[in-house]
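Trainee: Below you will find the structure I want to go over with you.
The values are calculated or read from the model by the stated rules, or taken from the named source; none is laboratory data. A quick note: this is a predicted structure, and the numbers were derived from the prediction, not measured. Glycine also receives a Cβ, built like all others from the backbone with ideal geometry; neighbour counts cover every protein chain displayed. All accessible areas refer to the heavy atoms of the entire protein, side chains included, with ligands and DNA or RNA removed. Shrake-Rupley method; radii C 1.70, N 1.55, O 1.52, S 1.80 Å.
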Amino acid sequence: RFRGGGGGGGRWRRSWRRRCRPSTGACWSLQKEVYQHLAYYVPKIYCRGPNPAPQREDMLAQHVLLGPMEWYLCGEDPAFGFPKLEQANKPSHLCGRVFKVGEPTYSCRDCAVDPTCVLCMECFLGSIHREHRYRMTTSGGGGFCDCGDTEAWKEGPYCQKHELNTSETAEEEVVTVKTSCFKTLLTVEKNDTYYCMLFNDEVHTYEQVIYTLQKAVNCTQKEAIGFATTVDRDGRRSVRYGDFQYCDQAKSRNTSRQTKPLKVQVMHSSIVAHQSFGLKLLTWLGSVIGYSDGLRRILCQVGLQEGPDGENSSLVDKLMLYDSKLWKGARNVYHQLFMSSLLMDLKYKKLFAIRFARNYERLQSDFMKDDHDREFSIADLSIQIFTVPSLARMLITEENLMTTIIKTFMDHLRHRDIQGRFQFERYTALQIKINSYLFINVLRYVLISKPTEWSEDLRHKFLEGFDAFLELLKCMQGMDPITRQVGQHIEMEPEWEAAFTLQMKLTLVISMMQDWCALDEKVLIEAYKKCLTVLMQCHSGFTDGEQPIVLSMCGHSVETIRYCVSQEKVSIHLPVSRLLAGLHVLLSKTEVSELSPPMLIEHPLRCLVLCAQVHAGMWRRNGFSLVNQIYYYHNVKCRREMFDKDIVMLQTGVSMMDPNHFLMIMLSRFELYQIFSTPDYVKFKNTKIMIIKHYYILFTGERFSPGIGQVNATDEIKREIIHQLSIRPMAHSELVKALPEDENRETGMESVIEEVACFKKPGLTGRGLYELKPECTKNFNLYFYHFSRAEQSKAEEAQRKLKRQNREDTALPPPALPPFCPLFASLINILQSDVMLCIMGTILQWAVEHNGYAWSESMLQRVCFLILKLCMLSDYFAPNNSPSILAMLETLQNAPHLEVHKDMIRWILKVNLFYITPQNCGKKIYKAERKRKAEIARLRREKIMAQMSEMQRHFINENKELFQQTLEELDTSASGQTRVAEHRQVVMCILCQEEQEVKVDSRAMVLAAFIQRSTVLSKNRNRIIPDPEKYDPLFMHPDLSCGTHTGSCGHIMHAHCWQRYFDAVQAKEQRRQQRLRVHTSYDVENGEFLCPLCECLSNTVIPLLPPPRVLFNRLDFSGQPNLSQWIKTISLQMKARYLLRDEDHSSKSEELCISICENVTILMKKTQNPYSESIKEMLTTFGTATYKVGLKVHPNEEDPRVPIMCWGSCAYTIQTIERILADEDKPLFGHLPSLVPNEKNENLPCILDIDMFHLLVSLVLSFPAIHCQDFSGVSLGTGDLHLFHLVTMAHIIQILLTSSTGNATFFHALKEVSSGWHLWRNLKAGIMPFLRCSALFFHYLNGVPAPSELQVNGANQFERLCSYLSLPNNLTCLFQENSGILCLLIDLPDDYSCLINQASNFSCPKSGGDKSRAPTLCLVCGTMLCSQSYCCQTELEGEDVGACTAHTYTCGSGVGIFLRVRECQVLFLAGKTKGCFYPPPYLDDYGETDQGLRRGNPLHLCKERFKKIQKLWQQHSITEEIGHAQEANQTLVGIDWQHL
């Protein structure tokens, strides 16, 4: 039917235009034609079989279905019409770019109205915010760029691209085809084909879906993985196609092991076809409205137009209300269409916001029943609507949005107790977290922008919402009450996490409510009254049924109730009381007469008593749930609206009542009243007294909150930072975590940090640290109320240590405090109250009497602190108030058991102006006493030193002969050692600590070593070994595609000691695997072990030998045959050996032997091997290990390739070392790392395909076998020299043959050389890497010491090397700059956001364009990979592995370095079972990494740290680093690294 479709489509378009002339009946005629056309063609285009063909379907849909609509819209060919529309278009000044998953977003911390205001990368780079403080994050998908939105930015709302265009936008005519763009035909042609459709959910895992699919539809695992991947990406996938019975059979086999089965539906193929076209149509609409802003407005108008059914009958309403019934792919498409149309215009955005707010309750209820994440729900658009200030206030006023949100939230929290308080069931914390995110975060969006002007409607609706909020807090007031467990320990921990999750989510909302109230005095007063009324309702019977009692002390009495925290129920949740405390602080002038101070302080006081008793150990039987609650009560996430507000409420109570009455009530609640009111009462714990004194200090000293003390928010944050840095220097991230955040996620630290701290930049490792400035230590308060006990102890120790270093008194007096605000001015009276003086006097009396059971040093320290604070307030302290206190302090000053507190007591007595001794006199006496003691100590030290010197001189005079003899022996041994040191080497075994000289005939000494395949020097990573069993490694290709590297930590052992150690490791691991089968940091089955001393990963040992050919210090080749004679002799020898091995040519071999005997002076004879059996065994062990690892084959000692692999490893290791030394610009012999040193082939490779240094090593080490001599033959030295000259000449030929300039050969290139000097410079540079490698090789082979000139960098290195290697200096035949290549890691951009942007554009290569969830960059070759996903798993050696693991085997011979872009984390991999994470080389301005991109600070490349990673790669230390990391962190062992 579609053959020759061009003509048919054109005919349909022409007939459509003829029938749709503008007339009154044209609309219905067009609509009817469209419906008929879609009903006929859609089922014939889409879903025609079991396997979808999206490319074919899209092509036909565009040609037959969408093409005619485009012709109708344009009135001409769309190829000409759409560009005309786009050219005449006046686009919106809003950017509106919809973010993809993982795309970088930027938020200006200086100019953004709230943290949700973000820019795309293009707009950010073209805006003024680039020079501001900004936060960088990665998008989860679904949001859009706010560039151009004037309500989103305080300054600079436009980038250079979207600058405000004031010209008017031309209106487009409303075409009659508009409604057909939103509807699909429901009445479809029936046929007998169906789909079994599997839908996505957020319940089942990949493994569960794959397993169920294999059982249900009888597919392979690979097919099941494909189905699961598509379902996860698009939201649904057809898994079977056929008749209804066939598809329903698969549905009935849905036998997931989980209680909830997979979501499966059998759907008619026509329905699926129309749904598929519906998605295509929505995508098409999104692209069409991009050509013209007029078309976009038309689409908005049509979408919001009410239908015949009245309310909620528009297309937009229907899509929103049916959101939870759609699958993921459909939701994403129409959400993006909403954002690119409705949300791009303030007019339509307002209309959409009203409809969204009206349907808010239903949308949230649908989402709660849905099984998709919030990012796929229409409810997630609330962040795009409610954060617009004008829309938020409009919705509050017109739609009562605050009340709607809060009541909807409370409807979902239905579990209440008898008193109406929330009562959460066990394991509901996660659900509470989801609910809190849904509703409380939305409420935070609404409140985040504060009003500047208040209307009466706004006041009324806000207070109505405030009432609803108080109802929420009322349900939280007193929830989760606890009773002290007595007798046995609690059996089951009660649920507590849900309540604290709710409290943490509400913390910012409560603060924002107070901020809104503070902006209008009328609102503040009304809110205060409402809050007080609700609090009185909550605690109308706050006596809890107890009888009232009267407390009397020091002539004062007060009436209260009998309540004991340790026996009654008590709750830590008091949000109404704390909200009232916050509002009270804002009421600086207004007085409210209804206040009852005892009622206000009762429950906050009980909460503080509970904390004190928990710290005193009285509630241990209540388990860890209570300990955790107390922890979060003081934690920075909750304390602002919990602990801090309780202190404020108690300060409010003190300021409004008699301080003596307050203190007596407080003593009663702490169960300490009897101690101070009744003489000789001893039944108490001094811990409680210590804590109550601590609270007394807090009430009078904590005045750095605005409204309590005369300070501002800057002073408050400055004080927090000072006390955090008093503990120790901290990194920026640590400080941020220790400080409370506001609604914009700001702490305010950057504005004050430079005033109080100095920044110390990080080195190669570690983090940048802030250190407290010395002048700020005077503001340190030992009893800072946000200190935990551990932090207080550390801070005290650090400050005392600092004072000792500065030679100051170790007393830590209270700092100067700002004055109280008028509302709290009377609070200071508590210090001079009779009850307070009585308490302090009693404790001092206990200290004077040294009553061990009644007091503690901490208690005395707190009393001294309070007295000193009282003394500093001279206006309130008179001499007749407390003469006994000063007298007791004078007594305690000389008490021997209070040595630690003497400085503090002395300070108190000095500060007191009414002390008997005048202040100046006392100060002089004190200084004189210190000076006298210091002088005595100095004289004593001088006397002792003089005595020691005299004793030394006396001993030397008496034993003069002995000393002379010892000096002569030392000289002799030193000179002898100089002579013998070159030939004698004594080492110690790290296992048995026994020393032994290294000899060829002694027991073997071995070094732990690690052999690994390497591509560090590779110039061609695509070359692979086809068949390791048949591969001949005799000749190494110059591209060094894959070599074998040997490294060692340098620790020496006896061979038999190592063997015992390795046997023990094997036995231990065999037992371990039976007990716990997990991966370890080393694989014993592959011969791996850890060095016994440094725990470096090793897989073999290298025998330690003296230089194999110890020659003289100076090589003398006089009298030896020249090169041509030597070549002739060696050629005859080799021919003889070949023919001797050939039994068919015996007669020829005899003739040749006679000829050889006549020409060769040295006869071939077999001599005995000089090495001991132990050394031979270790040589075999090392050779076999090199053969096994290098070729990845099973070990075989008899294989002739074993020695070749050893020689190759030797050559490759030397080449690597030479390149590292050259790269770091180090001298050749100055900074050396730890080094220990066949048949006739007719198919020889081309000379250009041989690496000459590998060939040199193989020839030199195999030459003794050909020559049949031991290592002492002089001719071997001659052979080395001639072999070296031959290979050097071959290397020169290589250079000449491969040299070219453009397309010219070497001989043509010679004519182009400008001068002989230029040629000579290139020649020297070309041969240098080969000469340097050769020098290293012969140095360790022959033991010839390196000249001093080669041990440092300097000029004439070429001549020095030629002299050392017996080469002539005039190597004029060399040409071409052919320096060796050390494989460096790829270059990384300076700005990390460039990598994020690159990763966001990366699509999974196997998922049809789907964005990769974990894009990972290979730092070796620069390939971007789709890591940690089923879609890109491949089979490797019979096992499914992830993309990164598979890539390591082709790029790095099993070792890889990757950068996980979205996590900002470096990944090291070695094989399938080893890996670790490593800090990235990207740092923020504070010298810290940001793994996981949680903080969002801009990141820039640190070249030093990247160079460190590069050095690990060059030195083949990746595997060793992984081993150390896994040994230090056992959790890394359990990760399935092969899936990455």
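Trainee: Pairs only if they're at least six apart or on different chains, beta carbon under 6 angstrom, first in segment 83-108 and more than 20 Å from Met344 (Cα to Cα), second assigned to a loop (DSSP other than H, G, I, E, B) and not β-branched (Val, Ile, Thr); list them, first residue then second.
Mentor: Partner pairs satisfying both residue conditions: Val101/Gly141; Gly102/Arg1462; Glu103/Ser139; Cys108/His132.
Trainee: Of everything in segment 322-345 that's assigned to a helix (DSSP H, G or I) and of a type in the set (A, V, I, L, M, F, W, C), which residue is nearest to Asp293 (Cα to Cα)?
Mentor: Met344
Trainee: Where residues in segment 479-502 are surrounded by 14 or more Cβ atoms within 10 Å (Cβ to Cβ) and among the hydrophobic types (A, V, I, L, M, F, W, C), which of them is farthest from Arg621 (Cα to Cα)?
Mentor: Leu502
Trainee: I would also like to ask the following. Consider only pairs whose beta carbons are under 7 Å apart and that are at least six residues apart or on different chains; among these, list those whose first residue lies in segment 222-234 and is open to solvent by 20 Å² or more (accessible area, probe 1.4 Å) and whose second residue is of a type in the set (D, E, K, R).
Mentor: Cβ pairs passing all conditions: Phe227/Arg237; Thr230/Arg237; Arg233/Asp1410; Asp234/Lys328.
Trainee: Next question. Please go through segment 70-105 and give me each residue that is under 20 Å from Leu282 (Cα atoms) and touching an Asp or Glu at 6+ places or on another chain (Cβ under 6 Å), ordered by number.
Mentor: Scanning segment 70-105 gives a single hit, Pro78.
Trainee: Now for a different question. Among the residues of segment 1170-1216 satisfying the criterion of being of a type in the set (D, E, K, R) and more than 22 Å from Ile1250 (Cβ to Cβ), which is most open to solvent (accessible area, probe 1.4 Å)?
Mentor: The qualifying residue most open to solvent (accessible area, probe 1.4 Å) is Glu1198.
Trainee: Ok, one more. Which condition does Thr1278 not pass, out of (1) at pLDDT below 75; (2) hydroxyl-bearing (Ser, Thr, Tyr); (3) within 24 Å of Asp1223 (Cβ to Cβ); (4) open to solvent by less than 20 Å² (accessible area, probe 1.4 Å), if it passes all the others?
Mentor: (3)
Trainee: Now a separate question. Has segment 586-608 got any residue that is under 26 Å from Met504 (Cα atoms) and of a type in the set (Asp, Glu)?
Mentor: Within segment 586-608 (the criterion being under 26 Å from Met504 (Cα atoms) and of a type in the set (Asp, Glu)), the answer is yes, since at least one residue qualifies.
Trainee: Report, ordered by the first and then the second residue, all pairs with beta carbons closer than 9 Å, sequence separation of six or more or different chains, a first member in segment 773-785 that is more than 15 Å from Ile717 (Cα to Cα), and a second member that is assigned to a loop (DSSP other than H, G, I, E, B).
Mentor: Pro774/Asn806; Lys778/Pro815; Lys778/Ala816; Leu782/Leu812; Leu782/Pro813; Leu782/Pro814; Tyr783/Pro814
Trainee: Name the single residue, out of those in segment 607-649 being of a type outside the set (S, T, N, Q) and touching a Pro at 6+ places or on another chain (Cβ under 6 Å), that is surrounded by the fewest Cβ atoms within 10 Å (Cβ to Cβ).
Mentor: If we take residues in segment 607-649 being of a type outside the set (S, T, N, Q) and touching a Pro at 6+ places or on another chain (Cβ under 6 Å), then Val636 is surrounded by the fewest Cβ atoms within 10 Å (Cβ to Cβ).
Trainee: Which residue pairs have Cβ atoms under 9 Å apart, sit 6 or more places apart or on different chains, and have a first residue in segment 616-635 that is within 14 Å of Arg484 (Cβ to Cβ) and a second that is of a type in the set (Gly, Ala, Ser) and buried (at least 16 other Cβ atoms within 10 Å of the Cβ)?
Mentor: Met618/Ala612; Gln629/Ala499
Trainee: Among the candidates Glu734, Glu754, single out the residue that is over 21 Å from Lys801 (Cα atoms), open to solvent by 60 Å² or more (accessible area, probe 1.4 Å) and among the acidic types (Asp, Glu).
Mentor: The unique qualifying residue is Glu754.
Trainee: Condition first: within 26 Å of Ser1412 (Cβ to Cβ) and in contact with a strand residue (DSSP E or B) (Cβ under 8 Å, 6 or more places away or on another chain). Now tell me which residues in segment 117-133 satisfy that.
Mentor: Those that are within 26 Å of Ser1412 (Cβ to Cβ) and in contact with a strand residue (DSSP E or B) (Cβ under 8 Å, 6 or more places away or on another chain): Val118, Leu119, Cys120, Met121, Phe124.
Trainee: Sticking with this structure for a sec: Please go through segment 60-104 and pick out each residue that is open to solvent by less than 50 Å² (accessible area, probe 1.4 Å) and assigned to a loop (DSSP other than H, G, I, E, B).
Mentor: Those that are open to solvent by less than 50 Å² (accessible area, probe 1.4 Å) and assigned to a loop (DSSP other than H, G, I, E, B): Asn89, Ser92, Leu94, Cys95, Gly96, Phe99, Gly102, Glu103.
One line per residue, one yes/no per condition, for (1) modelled with pLDDT under 85; (2) part of a loop (DSSP other than H, G, I, E, B); (3) more than 30 Å from His732 (Cβ to Cβ):
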residue	(1), (2), (3)
Ile1457	no, no, no
Arg1462	yes, yes, no
Leu1467	no, no, no
Phe1477	no, no, no
Thr1489	no, yes, no
Leu1493	yes, yes, no
Gly1496	yes, yes, no
His1524	yes, no, no
Thr1531	yes, no, no
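Trainee: So, one more: For a quick check of your reading of the model, give me the residue pairs whose first member lies in segment 158-169 and is at pLDDT 60 or above, whose second is hydroxyl-bearing (Ser, Thr, Tyr), with beta-carbon atoms closer than 7 Å and at least 6 apart or on different chains.
Mentor: So the pair list comes out as Cys159/Ser127; Leu164/Tyr158.
Trainee: Taking the criterion of being buried (at least 16 other Cβ atoms within 10 Å of the Cβ), part of a loop (DSSP other than H, G, I, E, B) and hydroxyl-bearing (Ser, Thr, Tyr), would at least one residue in segment 1043-1051 satisfy it?
Mentor: Within segment 1043-1051, not a single residue is buried (at least 16 other Cβ atoms within 10 Å of the Cβ), part of a loop (DSSP other than H, G, I, E, B) and hydroxyl-bearing (Ser, Thr, Tyr).
Trainee: Within segment 278-301, how many residues turn out to be out of contact with any Phe, Trp or Tyr (no Cβ under 7 Å at 6 or more places or on another chain) and closer than 21 Å to Lys90 by Cα?
Mentor: Result for segment 278-301: 16.
Trainee: Quick one: what pairs do we get from segment 1323-1346, first residue more than 15 Å from Phe1253 (Cα to Cα), second basic (Lys, Arg) and surrounded by fewer than 23 Cβ atoms within 10 Å (Cβ to Cβ), C-beta under 8 Å, 6+ apart or different chains?
Mentor: Asn1342/Arg1109; Gly1343/Arg1109
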